[in-house]
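The values are calculated or read from the model by the stated rules, or taken from the named source; none is laboratory data. If you're wondering where the values come from, they're calculated on a predicted model, not measured in any experiment. Positions of Cβ are generated from backbone atoms using ideal geometry, with glycine treated the same way; all protein chains shown enter the neighbour counts.
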Amino acid sequence: MLRRVLLAFSALLLASPVLAQQKTLKVVMHSDLKILDPVWTTAYIVRNHGYLIYDTLFSLDEKLQPQPQMVERWTVSDDKLTWTFTLREGLKWHDGQPVTTADVLPSIKRFTDKDVQGGLLAKVTQEMTAVDDRTFRIVLKEPFGPMLRTLAKPASVPLFVMPKRVAELPISQQLSDTTGSGPFVFKKDEWKPGERVVYVRNPDYVPRREPPSGLAGGKVAKLDRIEWVSIPDTQTAINALVSGEIDMIEQPAHDLLPLIEKDRNVEIVTLDTLGSTNILRFNWKQPPFTDVRIRRAAAYALNQIDFLKAVIGDPRYYKECRAVFGCGTPLQSAAGMDGILQSNFEESKKLLKEAGYDGTPIVVLQTTDLNVLINLAPVTKALLERGGFKVDMQSMDWQTQVTRRAKKDPVDKGGWNISLTAASVLLLSDPIVNQYTEASGDRAQFGWPLDEEIEKMRMEFVREADPKKQLEIAERIQKRVLDLGVVIPLGQFVQPLARRKTVSGNLASPVTVFWNVEKK
């Protein structure tokens, strides 16, 4: 009798609005979602969106090793030139149609057309063919050691598999069809930019049987609904977390963490221990940074500690790092750092005079709505002005900046000179994965640096298997990257998330994902 009563009571609870609400996770993300195409942009908020609704052929586990995801099995020929992959059974699009190799092949091409690491794979690919609906083959011109790591690349442009009709869109055209095969479905009808983004559990998704690990393993959706709630004011977001109106803040402001630490119902969790690096990019297509001497002058005027103090503030969460490939990585090195990033204003002024800088203001783009980016531009402006530059800092929200930095127009027609961002150290850790060391001109990331010598050295790194020789190549690349002003690293930091203690299951990963997450 008691068992029947308990079962009946449980059934009432399952049908109640209260429990339904408990299965809804409300999160304040680091940015608003205004772009839906995770290939068109490298913005992390769009990447995070992509991981909810799409799936990948391979993924990195918590030890950063590639593991199969959509792939069931694969083989490679003895000469390392022919790779054959077979998809798992039961893969379906959100509209119920099966996922086939007809979808996979154009998805790989769209990825290799955009991504820096994918571009290296494209250079050595002879052909890609479908054997049948579940099996496809990649034939190479020469061995490509990082094949699986490339297919498992976690960002900024992961290889998300999309339906053929979407994957065949040119990378210059943003997609509007968000049909995926991942563990959650994007509710486009409830999407209100600036207010809310909604995802619901995909009832047809079949997770892998392995336990979750990093971005790999079984993607078990334990939530019925996820809402990304827009609360631009950081203090208001903290108040909402403490009061229970929301469940999680992806990137709470570092200076407000002491307030959260005092609340017994909230906890701070660091999932990515390598963290991120602040990044400065020059626009090589617009003067004055068409001149390497002026890029070099800027590198002399800057320093890392001013940025770290202004952006992060709490020394528990930051460190100076004079390494393009990140600190704490196998390729950490200070090669090429001599003299730069020490605020040598006299040397900066000297170079500007030699280069004939005419005092035209340079346009520095400022992000106004991401805590970890807001102060990057003001510090840049202050230091460059002390080094002899005139600076026009133009402020805008992050999504507007993402759109604007993709423009190659002259400055007086909406262009720019300097754009700043932050990037996961994992995605900077070697010359293959580090998109900011690519120097292929128009194909490179915003700023479009062009240098044949860097590209030759990057391919040399791809072909080299000896770790000691890889380090030597990486140091040569880093030195040239810094000498030419391809990218300027501005210090390393970690970003914890804050969640109510009713929430658990967030996976250790450089990407914020929501499978395995549950709410009591």
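Okay, residues lined up against (1) part of a loop (DSSP other than H, G, I, E, B); (2) at positive phi; (3) out of contact with any Cys (no Cβ under 7 Å at 6 or more places or on another chain); (4) of a type outside the set (A, V, I, L, M):
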residue: Lys349; (1), (2), (3), (4): no, no, yes, yes
residue: Lys353; (1), (2), (3), (4): no, no, yes, yes
residue: Asn371; (1), (2), (3), (4): yes, no, yes, yes
residue: Ile374; (1), (2), (3), (4): yes, no, yes, no
residue: Ala377; (1), (2), (3), (4): no, no, yes, no
residue: Thr380; (1), (2), (3), (4): no, no, yes, yes
residue: Leu383; (1), (2), (3), (4): no, no, yes, no
residue: Phe389; (1), (2), (3), (4): yes, no, yes, yes
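Residue-wise test of (1) at pLDDT below 95; (2) over 28 Å from His254 (Cα atoms).
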position	(1), (2)
Gln304	no, no
Lys319	no, no
Ala323	no, no
Gly336	no, yes
Gly339	yes, yes
Lys349	no, yes
Tyr357	no, yes
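Hey, could you check the range 125-162 for residues that are within 22 Å of Tyr436 (Cβ to Cβ) and in contact with a strand residue (DSSP E or B) (Cβ under 7 Å, 6 or more places away or on another chain) and say which is surrounded by the fewest Cβ atoms within 10 Å (Cβ to Cβ)? Looking at the filtered set, the residue picked out is Arg149. Among the numbered criteria (1) closer than 20 Å to Asp177 by Cα; (2) surrounded by fewer than 16 Cβ atoms within 10 Å (Cβ to Cβ); (3) among the polar types (S, T, N, Q), which one does Thr101 miss? Every condition holds for Thr101 apart from (2). Looking at this structure, is Ser395 buried (at least 18 other Cβ atoms within 10 Å of the Cβ) and either outside any loop (DSSP other than H, G, I, E, B) or acidic (Asp, Glu) (or both)? No; evaluated as a whole, the condition is false for this residue. Criterion applied to Glu460, Glu472 was being modelled with pLDDT of 95 or more and acidic (Asp, Glu), and the one residue passing it is Glu472. Specify the residue that is nearest to Asp113 (Cα to Cα); the eligible residues are those in the range 411-441 that are free of Cβ contacts under 8 Å to residues at least 12 places away in the same chain and of a type in the set (D, E, K, R). Per the stated criteria, the residue is Lys413. Going by what's in this entry, would Val402 be described as in the same structural domain as Gln304 (by TED's automatic domain parsing), at pLDDT below 95 and assigned to a helix (DSSP H, G or I)? For Val402, the condition - in the same structural domain as Gln304 (by TED's automatic domain parsing), at pLDDT below 95 and assigned to a helix (DSSP H, G or I) - is met. On the given criteria, is Gly491 under 23 Å from Pro288 (Cβ atoms) and at pLDDT 95 or above? Against the criterion (under 23 Å from Pro288 (Cβ atoms) and at pLDDT 95 or above), Gly491 does not qualify.
For the range 183-193, the condition of being touching a residue at least 40 places away in the same chain (Cβ under 8 Å), in a loop (DSSP other than H, G, I, E, B), buried (at least 23 other Cβ atoms within 10 Å of the Cβ) and out of contact with any Gly (no Cβ under 8 Å at 6 or more places or on another chain) holds for at least one residue. Annotation: Val364 fulfils all but one of (1) outside any loop (DSSP other than H, G, I, E, B); (2) more than 25 Å from the chain's Cα centre (by Cα); the unmet one is (2).
Quick grid of which residues meet (1) in the same structural domain as Ile454 (by TED's automatic domain parsing); (2) among the aromatic types (Phe, Trp, Tyr); (3) surrounded by 17 or more Cβ atoms within 10 Å (Cβ to Cβ):
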{"site": "Tyr318", "(1), (2), (3)": "yes, yes, yes"}
{"site": "Cys321", "(1), (2), (3)": "yes, no, yes"}
{"site": "Leu341", "(1), (2), (3)": "yes, no, yes"}
{"site": "Glu354", "(1), (2), (3)": "yes, no, no"}
{"site": "Val363", "(1), (2), (3)": "yes, no, yes"}
{"site": "Leu373", "(1), (2), (3)": "yes, no, yes"}
{"site": "Val379", "(1), (2), (3)": "yes, no, yes"}
{"site": "Phe389", "(1), (2), (3)": "yes, yes, yes"}
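Among what's in the range 71-113 and is in contact with an Asp or Glu (Cβ under 7 Å, 6 or more places away or on another chain) and among the charged types (D, E, K, R), pick the residue that is nearest to Ser59 (Cα to Cα). If we take residues in the range 71-113 being in contact with an Asp or Glu (Cβ under 7 Å, 6 or more places away or on another chain) and among the charged types (D, E, K, R), then Arg88 is nearest to Ser59 (Cα to Cα).
Out of the range 447-472, which residues are surrounded by 21 or more Cβ atoms within 10 Å (Cβ to Cβ) and in contact (Cβ under 8 Å) with a residue 40 or more places away in the chain? Within the range 447-472, Gly447, Pro449, Arg458, Val462 qualify. Taken together, the residues in the range 372-390 that are farther than 15 Å from Arg281 by Cα and in contact with a Leu (Cβ under 9 Å, 6 or more places away or on another chain) amount to 5.
Filter the range 218-238 down to residues that are in contact with a Pro (Cβ under 6 Å, 6 or more places away or on another chain) and crowded, with 22+ Cβ neighbours inside 10 Å and give me whichever is nearest to Pro66 (Cα to Cα). Checked the range 218-238; the qualifying residue nearest to Pro66 (Cα to Cα) is Lys219.
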